[in-house]
Amino acid sequence: MEKDTITALSTYPLQSAIAVIRISGVKTFEITSQIFISKNNQSVHNLSSLKRIFGFIKDNEQIIDEVILSVYKSPKSYTGEDMIEISCHGNPIIINNILNLLVKKGIRIAEPGEFTKRAFLNGKIDLSQAEAVCDIITAKNEMALKIALNQLAGKEYKVFEKLHSDIINILTYVEAEIDFADEDIQKLSMEQILKEIKKIEEQIDYLIKNSESGILLKEGVKIAITGAVNTGKSSLLNLLLNKNKAIVTHIPGTTRDIIEDNYNIDGFPVKIFDTAGIRETDDIIEIEGIKRTFETIKSADIVLFLLDGSRKINKDDIDLFDKIKDKQHILIINKIDLPVIIDKNTIKSAFNISEIKNILKISCLKNSGINDLTKTIKNIIINKNIFAVDDIIIANIRHKEALTKAKVLLQEAKESTKTKAYELIAIDLKRAADEIGSIIGKITSEDIFENIFKNFCIGK
Ligand SMILES: Nc1nc2c(ncn2[C@@H]2O[C@H](COP(=O)(O)OP(=O)(O)OP(=O)(O)O)[C@@H](O)[C@H]2O)c(=O)[nH]1
Ligand SMILES: [Mg+2]
């Protein structure tokens, strides 16, 4: 257990009906009883025997606020330590006065996520659950929230725990072969070892694919609207969002900066980006805008590539297509309310491609073809998602990275089965188990710790 006692405001630091200040650590009860007077003169000498108590926080004779204390005795608390939550009035002046008083009495202000870090260190939750706490607070859509709540419920923990013990199980057989090569004990043949490693690899493969979808759902699918200047990108953004978000004019080069917004397609969270139109230019603002367009394209999951159907394909279209052709994209011929002078064939020959997977015709002006576009985007998103609905969904980049490293190590172990290099197999299996263990906190390092808890808010 940590030695010092910590405190922080756990609610939002603005005016509100109620605010909650948390205290955790060995001196929680001792120090709180020095500043708390119960309303009905109940003795608070032994605070730990109480659950909830009404009274005043006082600095000597000065009343600071009327409060309710919720008392949690170790180990039955969030952190596993002695804890008190002071529910006071949500006035920032009162909150500051109480925190200052606690600090004066020797309690330290908590670091971001320190309560949850203590919960992990005291074995109340595993590391993936600690991360889920942060994800629950910061979830930006229903889907992300659902994933995080499942993670907090420990579903992910069970999967990784099983995977970890399965690897250790094979490792035990491999080590028995090293240590007791000549003795008559139960062993696995090399074929059996290989078969077992392959089984685990399959599970890891599934989880990696699953995590790609999970991360997509959590962060929102990133869609970039791109095209040469004046093709109608901002008009399309406004239609999809159903609001006048971006400026639309007939002047080429209207959009300079990236314009970003969130919406959802039948519950799938989407982050959509309108970008600066591409053309040769000397304007330094536009050049910077175009640079940002290319950065946005790079990080996008789906690119909407707009062409102006009323004009011939030009060099700007061709140069930009070259940049997006390897990304998941949809070709969109806009302005079909005007006489259209390009079609699938002219596009194929201009872009020098033999097949176009997704191509649609729309008119932003007449609001036509937008439903088909939305359906096409949805189909792409659904095709990316490979998991069953009631499955666990891994949506954490750190977990995905650990799984990927474990997979590489298992592949190396498989290689070593060919030469019967038991020692090498054992090393790789051990390292693969450690990678999986690091997800749930069986193995931890300062780096992992720092990265996880720095994203927390203070008071959690
Ligand atoms: N006729 C017709 N005009 C359209 C259509 N969509 C957009 N426009 C017009 O095309 C012009 C450019 O539209 P924007 O949406 O600003 O185009 P953009 O691609 O964002 O342009 P930049 O930001 O300059 O790259 C405006 O005058 C729009 O009204 C359409 O479907 N049909
Ligand atoms: Mg624009």
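The values are calculated or read from the model by the stated rules, or taken from the named source; none is laboratory data. These figures come from a predicted structure and were not determined experimentally. A quick note on method: Cβ atoms are made from the backbone with ideal geometry, for glycine too, and the neighbour counts reach across all protein chains shown. Heavy atoms of the whole protein, side chains included, go into the accessibility calculation; ligands, DNA and RNA do not. Shrake-Rupley method; radii C 1.70, N 1.55, O 1.52, S 1.80 Å.
For segment 233-265, filtering for residues that are more than 9 Å from ligand 1 (Cβ to nearest atom) and not hydrophobic (A, V, I, L, M, F, W, C) leaves 10. Determine if segment 316-335 includes at least one residue that is of a type in the set (A, V, I, L, M), open to solvent by 10 Å² or more (accessible area, probe 1.4 Å) and not in a loop (DSSP other than H, G, I, E, B). Yes: one or more hits. Residues of segment 336-367 that are touching a residue at least 40 places away in the same chain (Cβ under 8 Å) and open to solvent by 90 Å² or more (accessible area, probe 1.4 Å): K361, L365, N367.
Residues in segment 140-164 that are more than 25 Å from Y78 (Cβ to Cβ) and open to solvent by less than 60 Å² (accessible area, probe 1.4 Å): N141, M143, L163, H164.
Taken over segment 411-460, the criterion of being surrounded by 16 or more Cβ atoms within 10 Å (Cβ to Cβ), without any contact (Cβ under 8 Å) to a residue 24 or more places away in the chain and of a type in the set (S, T, Y) is satisfied by S416 alone.
Against the list (1) more than 8 Å from ligand 1 (Cβ to nearest atom); (2) within 26 Å of the chain's Cα centre (by Cα); (3) modelled with pLDDT of 95 or more, the condition D274 fails is (1). Among the criteria (1) aliphatic (A, V, I, L, M); (2) more than 9 Å from ligand 1 (Cβ to nearest atom); (3) over 19 Å from D372 (Cβ atoms); (4) not assigned by TED's automatic domain parsing to the domain that holds E161, the one I208 does not fulfil is (4). If you take the residues in segment 61-75 that are farther than 10 Å from N97 by Cβ and of a type in the set (V, I, T), which one is surrounded by the most Cβ atoms within 10 Å (Cβ to Cβ)? Ranking the candidates gives V67 first. In segment 29-41, the residues that are touching a residue at least 12 places away in the same chain (Cβ under 8 Å) reach residues that are in a helix (DSSP H, G or I) and open to solvent by less than 80 Å² (accessible area, probe 1.4 Å) with C-beta atoms within less than 6 angstrom, at least six apart or across chains, in these pairs: F29/L47; F29/S48; S33/L47; I35/L101.
Which of the residues that make up segment 86-107 are open to solvent by less than 40 Å² (accessible area, probe 1.4 Å) and among the polar types (S, T, N, Q)? So that I can check it myself, show each step before the final result.
Our first condition is that a residue be open to solvent by less than 40 Å² (accessible area, probe 1.4 Å); within segment 86-107, this holds for 86-88, 90, 94-95, 98-99, 101-102, 107.
Selection gives S87 alone.
Do we find that S48 is in a helix (DSSP H, G or I), of a type outside the set (A, V, I, L, M) and modelled with pLDDT under 90 in this structure? Spell out how you get there, then give the answer.
On the way: in a helix (DSSP H, G or I): yes; of a type outside the set (A, V, I, L, M): yes; modelled with pLDDT under 90: yes.
Yes, satisfied.
For segment 187-202, a residue qualifies if it is in contact with a Leu (Cβ under 8 Å, 6 or more places away or on another chain) and touching a residue at least 40 places away in the same chain (Cβ under 8 Å), and the qualifying residues are I197, I200, E201.
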